[in-house]
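Report on the following structure.
The values are calculated or read from the model by the stated rules, or taken from the named source; none is laboratory data. Here the structure is a predicted model, which means the values were calculated and not measured. Heads up, the Cβs are rebuilt from the backbone with ideal geometry, glycines too, and the neighbour counts pull from every protein chain shown.
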Amino acid sequence: MAITEKKLKELEKKCNQIRCEVLKMLNRARSGHIGGSLSCIELIVALYYHLMRHHPKDPDWPGRDRFHLSKGHAAPTWYAVLADLGYFSKEELKSLRSLGSILQGHPDMTRTPGVEMTSGSLGQGLSVAMGMALAAKLDRKDSRIYVLLGDGEIQEGQIWEAAMSAGHYKLDNLSAFVDYNKLQIDGKLAEIIDIEPLKDKWRSFNWEVFEIDGHDIRAIVSACEKAKKVKGRPTMIIAHTVKGKGISFMEDVVDYHGVVPTDEECACALEELKDKKDKKDKD
Amino acid sequence: MNKKMEFISCRDIYASTLIDLGKTNKDIVVLDADLAKSTRTLKFGKVFPDRFFDLGVAEQNMMGVAAGLAASGKTAFASSFAMFASGRAWEQIRNTIAYSNLNVKIFVTHGGISVGGDGSSHQSLEDIALMRVLPQMRVLVPLDGYETEKAVRLAAKSPGPFYIRVSREKVPQLTKKGDKFILGKSSLLHPGGDVTIIAYGLMAFEGLKAEKILAQEGISVRLINMSTIKPIDEEAILQAAEETGLIVTAEEHSIIGGLGSAVAEFLSEKNPTPVIRIGTRDRFGQSGAPRDLFAEYHLLAKDIVAAVKKGLKIKTSAKKSGVEA
């Protein structure tokens, strides 16, 4: 299912729209994680608007593909996409992180339609995705399981337990991504605990590995299509990304991990995004 | 105790119950972390190899995989030793299983100090505390073979997370096949009025011995088998406090955070009553034969007897000084 030019342009517009939503949500909520929410927008948009089979009005549809956000702090992006698709009302986005909200600070499967598994505590989502992949095989379903990991998250030991066992179980219905934006809370990954050579590590655990530009939707789609054809091993798509992508003054800045845009910054950012959108519309 | 009493391996009953459940419920799946021979889940694996997942020495991954299976409609039984399931994977149980109320039943063997020769690293004296502090978790400590079977069946048909703990040691088969096993309800092993001993697991059997010793001295002991720690049988505890005025708890666990603490917490609010806790006294375990360890750590019937007598003095002096028991 190669992507058409028309669809590509639509998805790029969608990414711009989701960026605006995420900025507004976090600004209003007054807490959250902007950098890592922006770096994975193309990945989540490509999955939900093109690659995955799912029904927003029937979140439990048995034939669906499944996505799990293991880097749970990027929840605002997931929420914005789910709302836009109709899993719940867009009005709910205004209540992010407030008391009683169906949108908790980190994904909560007990509260949010469309959220397949709770997350927030890093390192656990690959194990969960493996469990889902095993269930799909057991039930002879052809569902694909997608899971998005953070790069700092790769430092957690449990990730490697899951990697080893998924490789051992030959889970070819499982595709994982690393949102490789090279920054974590305390600084650059390479300076804190370097995870390189990343590709080699996954390969040695019996994973098929692809490396792409994580902001190039065509590349994301192409890698996922290739992944579907891989037999006998799970796939890892290392997506090279930029933390804070899309907002010039946030890109590649460590400090924007767990802070939210001020009113001023938000206004600037929205202006930037509007300019980008207008430019694209003219093209 | 009846010399002809059968000794049962609760771990074997676990396996046979799982196999029986697996025959009619295709959604039962079982996971282990390289202890399948000891926990006996291997037996399930032999009958249903497609539904058995030994994840190797990786307890955290095991719990996450169990959660993923449960979120896909399966009823997942995950097993290891008490120490490693409740300890190594505590956060996974908290954040991924308990919080989302998932259908994962954590069945552990080798609870307590009776693990024996392996020593402290393998002897969990904290697992009941670690599990009962979690919201939405149910904690069961079945007494014998029949209770183990009923506990497993109960967990399988009740949605949500369970922690079920048995020991390595074989136990006498005390309860009857037809006895009811109800979540949150204790069973009366012996009626009495001077003191209540509340115990679970191997310590309930020490309690039975203690009752006989005390009976010879004219002390009437009510003995309760508290096979659900959470939700605990508040009614039975309250009744025991009101009618006997003295509680002695006994467990193969630290006196901090387990059954003793649960009883004391509850009674302090509802009906302040002396609660004397028998358990390990804030000490780590060590290697030894189970009986030797019980002696070393004061977990024998005679230690329960001593606690009862100590308690009766407190009870008597409270009455003398005019404080209502």
Next item on the list: Give the stretch B:75-97 a look and list any residue that's within 10 Å of chain A (Cβ to nearest Cβ), buried (at least 24 other Cβ atoms within 10 Å of the Cβ) and over 21 Å from residue B:253 (Cα atoms), or say none.
Entry: B:76, B:92, B:96, B:97
Check: Taking the stated definitions as given, is residue B:46 more than 7 Å from every other protein chain (Cβ to nearest Cβ) and over 23 Å from the mean Cα position of the chain (by Cα)?
Finding: yes
Notebook entry, point to check: Do you know which of the residues in the stretch A:53-112 that are among the β-branched types (Val, Ile, Thr) and assigned to a loop (DSSP other than H, G, I, E, B) is farthest from residue A:140 (Cα to Cα)?
Noted result: A:102
Next item on the list: Under 8 Å between Cβ atoms, at least 6 apart or on separate chains: pull out the pairs that start in the stretch B:19-30 with a residue that is farther than 17 Å from residue B:159 by Cα and modelled with pLDDT of 95 or more and end on any residue that is among the aliphatic types (A, V, I, L, M) and surrounded by fewer than 21 Cβ atoms within 10 Å (Cβ to Cβ).
Entry: B:19/B:47
Notebook entry, point to check: In the stretch B:172-222, what count of residues is obtained for those that are more than 29 Å from residue B:125 (Cα to Cα), without any contact (Cβ under 8 Å) to a residue 12 or more places away in the chain and not assigned by TED's automatic domain parsing to the domain that holds residue B:295?
Noted result: 1
Item checked: Residue check, residue B:113 farther than 20 Å from residue B:32 by Cβ, buried (at least 24 other Cβ atoms within 10 Å of the Cβ) and more than 14 Å from chain A (Cβ to nearest Cβ) -> yes
Next item on the list: Could you identify the single residue in B:129, B:98 that is over 22 Å from residue B:40 (Cβ atoms), touching a residue at least 12 places away in the same chain (Cβ under 8 Å) and in contact with a Leu (Cβ under 8 Å, 6 or more places away or on another chain)?
Entry: B:98
Note to self: I'd like to check something: does the stretch A:227-242 contain any residue that is within 28 Å of residue A:167 (Cβ to Cβ), out of contact with any Asp or Glu (no Cβ under 8 Å at 6 or more places or on another chain) and loosely packed, with under 14 Cβ neighbours inside 10 Å?
What the structure shows: yes
Check: When residues of the stretch A:140-175 are filtered for being of a type in the set (A, V, I, L, M, F, W, C), over 18 Å from the mean Cα position of the chain (by Cα) and buried (at least 24 other Cβ atoms within 10 Å of the Cβ), how many remain?
Finding: 4
Notebook entry, point to check: How do the strands (runs of 3 or more DSSP E) wholly within the stretch B:88-165 filter down when requiring 2 or more residues that are of a type in the set (Phe, Trp, Tyr): which remain?
Noted result: B:162-165
Notebook entry, point to check: Which ones in the stretch B:20-43 are more than 14 Å from chain A (Cβ to nearest Cβ) and within 22 Å of residue A:136 (Cα to Cα)?
Noted result: B:21, B:23, B:24
